[in-house]
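S.K.: For reference, the structure I am asking about is given below.
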Amino acid sequence: MTTSPPTHVRGYAPAPAGTHPNLDWPAYRSTELRAPKHRPILLPHRLTEVTGPLLTGPAGPADNDLTRQHAGEPQGQRIIVFGRVLDSDGRPVPDTLVEVWQANAAGRYAHQNDNWPAPLDPNFTGSGRVVTDSLGNYSFTTIKPGAYPWRNHHNAWRPAHIHFSLFGRAFTQRLVTQMYFPDDPLFPYDPIFNSVPDEAARKRMIATFDLDATKPEWALAYRFDIVLRGREQTPFEEPHA
């Protein structure tokens with residue numbers, strides 16, 4: 001991942017201390033293996049790294065509906081996750097590739113390494129993508145994911161969440177975060193969620209239920225706006241100085 005914002009983001013302002021998670025967080029045990037032992041060296045981005053390959057238009061017309069990627073209906077509560085991608089001045093960021101991946105309603109990923117005894121859903125793969133429009137809007141239709149155990153500590157369970165990845169104008173410009181759901185009882189026990197030091201920043205990772213955007217007899221709706229830079233920046237899982 002990179003600390004550089006997309007090239008079309010204006011008004012850069014660094015996030016205050018406490019916004020991003022610590023790279024080495026003892027409560028999250030795998031960071032002992034992944035965190036750098038020395039301070040990262042910042043390398044300048046040259047023209048080829050910030051201009052290509054371009055990412056505009058890589059998503060298909062049905063890629064943002066995770067419930068329509070198979071012949072049958074997936075199991076679980078259908079939801080709509082939508083929002084805007086904004087810069088530090090509240091201006092929309094268009095043409096940004098937004099990708100998501102998640103567990104199914106039983107809390108299991110469609111991945112060969114996920115083998116805890118929860119059922120797989122043959123009608124749910126759990127990944128999608130969309131490109132923001134001219135106003136920075138994105139929207140996904142999916143299934144609310146379930147919690148799952150992850151063996152980090154005794155009786156460890158991850159709160160329900162959806163992983164988000166945002167690309168700028170090139171693959172070197174990538175930001176990754178997680179979206180959580182309101183009032184999850186597992187928040188106090190999850191070291192990944194709590195690795196973000198600032199309480200206000202943690203709240204920016206929690207989506208807001210939106211009854212007005214909820215579709216009657218179809219899907220509940222959750223708003224999740226993503227701010228790339230500045231005081232109200234969404235916490236990202238990224239190296240930072």
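The values are calculated or read from the model by the stated rules, or taken from the named source; none is laboratory data. Computed from a predicted model, the values in this text were never measured in an experiment. Every residue, glycine as well, gets a Cβ built from its backbone with ideal geometry; the counts of neighbours run over all protein chains shown. SASA here: full protein model, heavy atoms, side chains in, ligands and nucleic acids out. Shrake-Rupley method; radii C 1.70, N 1.55, O 1.52, S 1.80 Å.
S.K.: What do you reckon, is Gly90 of a type outside the set (S, T, N, Q) and surrounded by 15 or more Cβ atoms within 10 Å (Cβ to Cβ)?
M.R.: So Gly90 does not fit the description; no.
This table checks each residue for (1) of a type in the set (Phe, Trp, Tyr); (2) in contact with a Phe, Trp or Tyr (Cβ under 6 Å, 6 or more places away or on another chain); (3) within 19 Å of Gly128 (Cβ to Cβ).
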{"residue": "Thr177", "(1), (2), (3)": "no, yes, yes"}
{"residue": "Phe181", "(1), (2), (3)": "yes, no, yes"}
{"residue": "Pro188", "(1), (2), (3)": "no, no, no"}
{"residue": "Glu199", "(1), (2), (3)": "no, no, no"}
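S.K.: Restricting to region 154-194, count the residues that are touching a Lys or Arg at 6+ places or on another chain (Cβ under 9 Å) and closer than 30 Å to Leu43 by Cβ.
M.R.: Going through region 154-194 one residue at a time, the tally reaches 5.
S.K.: Another question, if that's okay. Looking at this structure, is Ala105 loosely packed, with under 14 Cβ neighbours inside 10 Å and hydrophobic (A, V, I, L, M, F, W, C)?
M.R.: Here the answer is no, as Ala105 does not meet what is asked.
S.K.: When region 182-211 is examined, which residues are found to be of a type outside the set (Lys, Arg) and open to solvent by 80 Å² or more (accessible area, probe 1.4 Å)?
M.R.: Asp183, Pro185, Pro188, Tyr189, Glu199, Thr208, Phe209, Leu211
S.K.: Here's another thing I want to ask about it. Working carefully through the options Thr48, Thr2, find the one that is open to solvent by 40 Å² or more (accessible area, probe 1.4 Å) and at pLDDT below 75. Please lay out each step first, then the result.
M.R.: Numbers: Thr2 fails: open to solvent by 40 Å² or more (accessible area, probe 1.4 Å).
Result: Thr48 is the single residue among Thr48, Thr2 that is open to solvent by 40 Å² or more (accessible area, probe 1.4 Å) and at pLDDT below 75.
S.K.: Continuing with the same structure: Could you check His153 against (1) in contact (Cβ under 8 Å) with a residue 60 or more places away in the chain; (2) in contact with a Ser or Thr (Cβ under 9 Å, 6 or more places away or on another chain); (3) open to solvent by 10 Å² or more (accessible area, probe 1.4 Å) and say which number it fails?
M.R.: Tallying (1) in contact (Cβ under 8 Å) with a residue 60 or more places away in the chain; (2) in contact with a Ser or Thr (Cβ under 9 Å, 6 or more places away or on another chain); (3) open to solvent by 10 Å² or more (accessible area, probe 1.4 Å), His153 fails exactly one: (2).
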